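A.B. asks: Pasting in a structure now, in structure tokens, and then I'll have a few things to ask.
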Amino acid sequence: MKPLTRRQMAWRAAQDLEDGAYVNLGIGLPTLCSDFVPEGREIVFHSENGILGMGPAPKPGEEDPDLINAGKQLTTLVPGGTYFHHNDAFLMIRGGHLDVALLGAFEVSQGGDLANWTTEDPNFPPGVGGAMDLAVGAREVRVLVEHTTKDGKPRIRKSCVYPLTAPHCVKRIYTNLAVLDVTREGIVVREMVAGLDLAGLQALTEATLILANDWKKLEAPAV
Amino acid sequence: MIDKRVRTLAEAVAGIKDGATVLCSGFGAVGEPVELLNALRDTGVRDLVCVANNAGTGDEGLAGLIRDGRVRKIVCSFPRTTDPHCFEAAYKAGKIELEIVPQGTLSERMRAGAAGIGGFFVKTSAGTKLGRGKETREIDGELYVLEKPIRGDAALCRADRADRWGNLTYRKSARNFNPLMAMAADLTVVQVREIVDLGSLDPECVATPGIFVDRIVVA
């Protein structure tokens, strides 16, 4: 079994972004997805700090200190991009104007609950940013997450242990081992990496998995 | 004649009292009125409640106010921004109260404060720890949480250009919370890069009409 790398996970998630979609990429791993938009598709990336049409990181010499992304890194604007204030940025988020939010997670539950804002570690003050707004507001919430924690504990659980960002919001999960859909019947395995079978994947997952009849091998190029 | 220009930063922040609620604009350090916040610190004012997206970057601006113990409470969505060491030290020492508000709710609460709206129902935080203890209502089959408005005694903002009426334009993502906070306070003070002649800002490009602005200063 060969798990996907983080870049390959981002590549896989990017393949599902449709031409013309308005998309918000969460901080961290999801941000990488913008590097892998399939050629010929126009995707408009939204940033919570008032940008539609966010482009790649600036080339040397093109940096503008007034132009940053949600992770406070320097970014650029593509032709056709626009700026607006925070209230409009979150009106777009909460009001269902974004087609997809691709978010990171600590845990996702069988029912699609998302936990991605606090581990309640007393060493760190909590912070939520725009996570809860994205989780309740985007038309479709998809999650990018390593299948297990570093010490092998499942992140796809029967119910979340960490505090929720929002209940029942996640539709699709991309992990380094599988592509999963949250459905009324339970979590359906759409794709799995080669060398893994349902029993093997189930052993790394707390939620009960259902194998789709037409499941495919999860493959990604070396990116 | 309407002339909102003031000459010095000290004049710009004059009259903000101990215990005031101050809306501090910016997303991280971008769009943050650093010089106004430094001037506010220099007045010696204390016991402030600051409303901001983050809790200060580096040592200047909001971070400096926190470092010097002037902020009793911060209301923000995400305190751990780039280089938040002043806030972290105050938080660990138990010297600052923290209220976490989801970013869109923070923004909408100020809009409500600006618009004379006494509260609103929002889906964000329903069914989570941050929604606990708040009044909820089911509307068309979905659960909403009641949120109340926020108004500031003062708002400190940053814009790119202004005229003497206080009309403002912004630059790129430095707009962020500025137009919103400018509307939501009793006293709105704005630092700008440049003041231009009345009539020379393109009216189609003014993002904050001067009605919301009380003082402008070049910094």
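The numbers here are math on the coordinates, done by the rules we state, and not lab data. Treat the numbers as computed from the prediction; the structure is a model and nothing was measured. Quick reminder, even Gly has a Cβ in these numbers, built from the backbone with ideal geometry, and neighbours come from all protein chains shown.
A.B. asks: Can you give the Rg to Rh ratio for segment A:82-130, taking only C-alpha atoms and Rh from Kirkwood?
C.D. replies: A ratio of 1.06.
A.B. asks: Still on this structure: Please compute the net charge surrounding A:Asn87, taking Lys and Arg as +1 and Asp and Glu as -1 over other residues with Cβ under 13 Å from its Cβ.
C.D. replies: 0
A.B. asks: Would you please classify the overall shape of segment A:6-217 from the alpha carbon gyration tensor, given that a ≥ b ≥ c denote the square roots of the eigenvalues, rounded means a/c under 1.5, and beyond that prolate means a/b larger than b/c while oblate covers the rest?
C.D. replies: Here segment A:6-217 falls in the prolate category.
A.B. asks: Let me ask something else. For the protein assembly as shown, what size does the Cα cloud have along each of its three principal axes, sorted from largest down, in whole Å?
C.D. replies: 76, 46, 42
A.B. asks: Please list the non-local residues whose amide H lies under 5 Å from the amide H of A:Ala166, H modeled 1.01 Å from N, same-chain partners needing a gap of 5 or more.
C.D. replies: Here the answer is A:Leu114, since their amide H atoms fall under 5 Å of that of A:Ala166.
A.B. asks: Answer rounded, prolate or oblate for segment A:125-223, using the Cα gyration tensor with square roots of eigenvalues a ≥ b ≥ c: rounded when a/c is under 1.5, else prolate when a/b is larger than b/c, else oblate.
C.D. replies: Judged from the Cα gyration tensor, segment A:125-223 comes out prolate (a/c at least 1.5, a/b above b/c).
A.B. asks: Excluding residues on the same chain fewer than 8 positions from A:Lys150, give the aspartates and glutamates whose Cα lies under 15 Å from its Cα.
C.D. replies: A:Glu107
A.B. asks: In terms of modelled amide H atoms, which long-range or inter-chain residues lie less than 5 Å from the amide H of B:Thr208?
C.D. replies: Under 5 Å from the amide H of B:Thr208 lie the amide H atoms of B:Leu168, each far enough along the sequence or on another chain.
A.B. asks: Starting with the highest mean, order A:206-216, B:82-92 by the number of other Cβ atoms within 10 Å, averaged over the residues of each peptide.
C.D. replies: The packing order, highest mean first, is B:82-92, A:206-216.
A.B. asks: Mean-square fluctuation check for chain A, GNM, Cα pairs under 10 Å: which of A:Arg94, A:Arg12, A:Arg172 is largest?
C.D. replies: Among A:Arg94, A:Arg12, A:Arg172, the largest GNM mean-square fluctuation belongs to A:Arg94.
A.B. asks: Note the angle between two axes, namely the Cα long axis of helix A:6-15 and the longest principal axis of the Cα atoms of chain A, as a number of degrees from 0 to 90, rounded to the nearest 10.
C.D. replies: Between helix and principal axis, roughly 80 degrees.
A.B. asks: What ³J(HN,Hα) values, in whole Hz, does the Karplus curve 6.51 cos²θ - 1.76 cosθ + 1.60 give for segment A:146-162 when θ = phi - 60°, with x put for Gly and Pro?
C.D. replies: 3J(HN,Hα) across segment A:146-162, in whole Hz: 4, 4, 10, 6, 4, 9, x, 7, x, 9, 9, 10, 5, 9, 6, 8, 6.
A.B. asks: I've got another one for you. Run through every distinct alpha carbon pair of segment B:114-219 and return the Kirkwood hydrodynamic radius in angstroms, one decimal place.
C.D. replies: With all distinct Cα pairs of segment B:114-219 included, I get 15.6 Å.
A.B. asks: Additional query: Of the beta bridges DSSP finds with both residues in segment B:137-189, what % are antiparallel, to the nearest 5?
C.D. replies: Bridges in segment B:137-189 are about 55 percent antiparallel.
A.B. asks: Write down the percent of antiparallel bridges among all DSSP beta bridges whose residues are both part of segment B:11-77, to the nearest 5.
C.D. replies: Counting only bridges with both partners in segment B:11-77, antiparallel ones make up about 10 percent.
A.B. asks: Now, a different point. For segment A:1-69, what does the equivalent ellipsoid look like in terms of its semi-axes, each the square root of 5 times an eigenvalue of the Cα gyration tensor, given largest first in whole Å?
C.D. replies: With the √(5λ) rule applied to segment A:1-69, the semi-axes are 23, 15, 11 Å.
A.B. asks: May I ask what percent, to the nearest 5, of DSSP beta bridges between residues of chain A are antiparallel?
C.D. replies: 45
A.B. asks: With springs only between Cα atoms under 10 Å apart, run a GNM on chain A and tell me which of A:Val189, A:Val170, A:Val78 wobbles the most.
C.D. replies: A:Val78
A.B. asks: While we're on this one: Once you keep just the Cα pairs under 8 angstrom separated by 6 or more residues, what percentage relative contact order results for chain B?
C.D. replies: Relative contact order here is 23 percent.
A.B. asks: Would you calculate the convex hull of the Cα atoms in segment A:93-182 and tell me its volume per residue in Å³?
C.D. replies: It is 85 Å³ per residue.
A.B. asks: Over all pairs of distinct alpha carbons, what does the Kirkwood formula give as the hydrodynamic radius of chain B, in Å?
C.D. replies: After inverting the pairwise mean of 1/r, the radius is 17.7 Å.
A.B. asks: Would you mind telling me which residue in A:Asp64, A:Asp19, A:Asp151 has the biggest mean-square fluctuation in a Gaussian network model of chain A, where springs connect alpha carbons within a distance under 10 angstrom?
C.D. replies: Maximum among the listed residues: A:Asp151.
A.B. asks: Suppose we keep just the alpha-carbon trace of segment B:1-131; what are its Rg and Dmax in angstrom?
C.D. replies: My reading of the Cα-based Rg and Dmax gives 15.5, 53 Å.
A.B. asks: From the square roots a ≥ b ≥ c of the eigenvalues of the alpha-carbon gyration tensor of segment B:1-58, which class results: rounded (a/c under 1.5), prolate (a/b over b/c), or oblate?
C.D. replies: Judged from the Cα gyration tensor, segment B:1-58 comes out oblate (a/c at least 1.5, b/c at or above a/b).
A.B. asks: Could you work out, residue by residue across A:63-73, how many beta carbons of other chains sit within 10 Å of that residue's beta carbon, and then give the average as an integer?
C.D. replies: Going residue by residue through A:63-73 and averaging, the value is 5.
A.B. asks: Something else about it: Take peptides B:46-58, B:1-13 and line them up by average Cβ neighbours within 10 Å, highest first, as a rough protection proxy.
C.D. replies: B:46-58, B:1-13
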